[in-house]
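The block underneath contains the structure these notes are about, expressed in structure tokens.
The values are calculated or read from the model by the stated rules, or taken from the named source; none is laboratory data. Every value quoted in this text rests on a predicted model; they were computed, and no experiment measured them. Glycine also receives a Cβ, built like all others from the backbone with ideal geometry; neighbour counts cover every protein chain displayed. We work out accessible area using only protein heavy atoms, side chains counted, and drop any ligands, DNA or RNA first. Shrake-Rupley method; radii C 1.70, N 1.55, O 1.52, S 1.80 Å.
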Amino acid sequence: MGKAVIAGNWKMNGVGAAAEQLACDVRDGAWSLRDRAEIIICPPATVLTRIAKAMEGGPVMVGGQDCHAKVEGAHTGDISAEMLKDAGATHVIVGHSERRTDHGETNAIVEAKARMAMNWGLRPILCIGETLAQREKGRAREIVQDQVFNSIPHEFEEAGGIVAYEPVWAIGTGKTASVEEIAEMHHYIRWLLGNRQMGAVPILYGGSVKPAIAASILAIPEVGGALVGGASLVASDFLAIAAAAPVPAA
Ligand code: PEP
């Protein structure tokens, strides 16, 4: 496997100079991690242009947290893929469970968003994962299979797409899935992606990843990196997670 992809999802956090400072602190620490990690930060849209400018020429890439499925038009408050591109983004998160829940996003909507992102040359970081109720009913694999088959567009691998497996019950809860649970599901997702001729798509793990447990998660076969929420708001924690990634074999 190649370098780990370590992506930070700032969610609805970060304004003005403090947001730029956080990004600059990440950039300063990221220079020495280039051998092991591709680092992406996804700040709120209001500071995206400012942060993308500050990151120019450095080792940190910048992504949006969502984009609309349509090119443009009457969609008050939404952000298009073209706008993200124009602001300097290279990536965009789509299908995050908070979007799926708060905004009723279905697999079909997520697929359309990912396609639009790809049309504009953005690399989608497409989130999948089951809720606690679904896992307790023994439906985790069925849900994930449905998401892999119905929310990932064709030519996702060619467009540099990235999948993030985020069990919903582990997001922002401080509860991390066990190494066995992560290994089992990543192995399954790798198999599903193989069935779709997307065998080389990186699969990130997300859900309360913190520095203390990052090394054990990033060492799991088929874990290609991490999507980090809370810990990405503290530069030293986020960098420590990236530093825990194994250096890829030459
Ligand atoms: C996320 O928002 O994608 C996430 C994984 O959050 P946290 O790390 O806070 O659980």
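Annotations for the structure displayed:
- When each of K85/K210; K113/K137; K11/K53 is checked by Cα-Cα distance, pairs over 23 Å: K85/K210; K113/K137
- GluC sites (Glu not before Pro) within region 89-169: DSSP coil, no more than 14 neighbouring Cβ in 10 Å: E155, E158
- Accessible surface of region 124-206 [probe 1.4 Å, protein heavy atoms]: carbon and sulfur percent: 51
- By the Kirkwood approach, averaging reciprocal distances over each pair of separate Cα atoms, region 13-103 gets a hydrodynamic radius of 13.9 Å.
- Highest mobility in the GNM of the chain, judged by mean-square fluctuation with C-alpha springs under 10 Å and restricted to G129, G224, G199, is found for G199.
- Remark: the chain carries a charge dipole of roughly 120 debye about the Cα centre, counting +1 on each Lys and Arg Cβ and -1 on each Asp and Glu Cβ.
- Surface analysis of region 155-250 yields an accessible area of 39 Å² per residue, using protein heavy atoms and a 1.4 Å probe.
- Prolate/oblate/rounded call for region 92-250, Cα gyration tensor, a/c under 1.5 rounded: rounded
- Solvent accessible area, Å² - S178, 1.4 Å probe, full protein context: 40
- At a probe radius of 1.4 angstrom, the accessible area of region 28-70 per residue rounds to 42 square angstrom.
- Here the extension length gained between S216 and V247 equals 9.8 nm, from 0.36 nm per residue of separation less the Cα-Cα distance.
- By DSSP, the beta bridges lying fully in the chain are antiparallel in about 0 percent of cases.
- Among G174, G206, G230, residue whose mean-square fluctuation peaks in a GNM of the chain (springs only between Cα atoms under 10 Å): G174
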